[in-house]
1. I'd like the full set of residues that are more than 16 Å from Glu12 (Cβ to Cβ) and either touching a strand residue (DSSP E or B) at 6+ places or on another chain (Cβ under 7 Å) or not in a helix (DSSP H, G or I) (or both), limited to the stretch 40-60.
2. Of all residues in the stretch 70-86, which are open to solvent by 60 Å² or more (accessible area, probe 1.4 Å) and either basic (Lys, Arg) or at pLDDT below 90 (or both)?
3. Go through (1) crowded, with 16+ Cβ neighbours inside 10 Å; (2) modelled with pLDDT of 90 or more; (3) among the aromatic types (Phe, Trp, Tyr) one by one and return the number of the condition Phe32 breaks.
4. I'm trying to understand the selection: among the residues of the stretch 61-73, which are within 17 Å of Arg22 (Cβ to Cβ) and assigned to a helix (DSSP H, G or I)?
Amino acid sequence: MSELQPMSTWVECLGRVLRDERERQGLSLAAFAPGAGFSPQYLGRVERGRAGGLSLDTVDTLCAVYGVDEIDALRRAKAMQYGEDR
């Protein structure tokens, strides 16, 4: 029996979850970022999984900004990471 191997890091998967949520809301990154209180560059790095060192406080803030439940977002990211959403 083989153990599941992650496809991406959890940060990359969380970024995809957040991007999917923003796109579901029909918002471009440029339109979304100013109201969210973050620069478009930073949110772009988050959405691409390139914002290293995300603390739980930052994840909590980002989830609130994107309007997604933090626990749900982390569960979705973990499922995506291990290919359970395919």
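1. Passing the criteria: only Ser55.
2. The answer is Arg75, Arg76, Lys78, Tyr82, Glu84, Asp85, Arg86.
3. Going through the list (1) crowded, with 16+ Cβ neighbours inside 10 Å; (2) modelled with pLDDT of 90 or more; (3) among the aromatic types (Phe, Trp, Tyr), Phe32 breaks only (2).
4. Across the stretch 61-73, the qualifying residues are Thr61, Leu62, Cys63, Ala64, Val65, Tyr66, Glu70, Asp72, Ala73.
One line per residue, one yes/no per condition, for (1) polar (S, T, N, Q); (2) open to solvent by 30 Å² or more (accessible area, probe 1.4 Å):
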position: Leu14; (1), (2): no, no
position: Leu18; (1), (2): no, no
position: Leu27; (1), (2): no, yes
position: Phe38; (1), (2): no, yes
position: Tyr42; (1), (2): no, yes
position: Gly53; (1), (2): no, yes
position: Asp57; (1), (2): no, yes
position: Thr61; (1), (2): yes, yes
position: Val68; (1), (2): no, no
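The values are calculated or read from the model by the stated rules, or taken from the named source; none is laboratory data. Everything numeric here is computed off the predicted structure, so don't read it as measured data. Reconstructed Cβ throughout: ideal geometry from the backbone, glycine too, with neighbour counts over all protein chains shown. These accessible areas exclude ligands, DNA and RNA; they are computed on the full protein's heavy atoms, side chains included. Shrake-Rupley method; radii C 1.70, N 1.55, O 1.52, S 1.80 Å.
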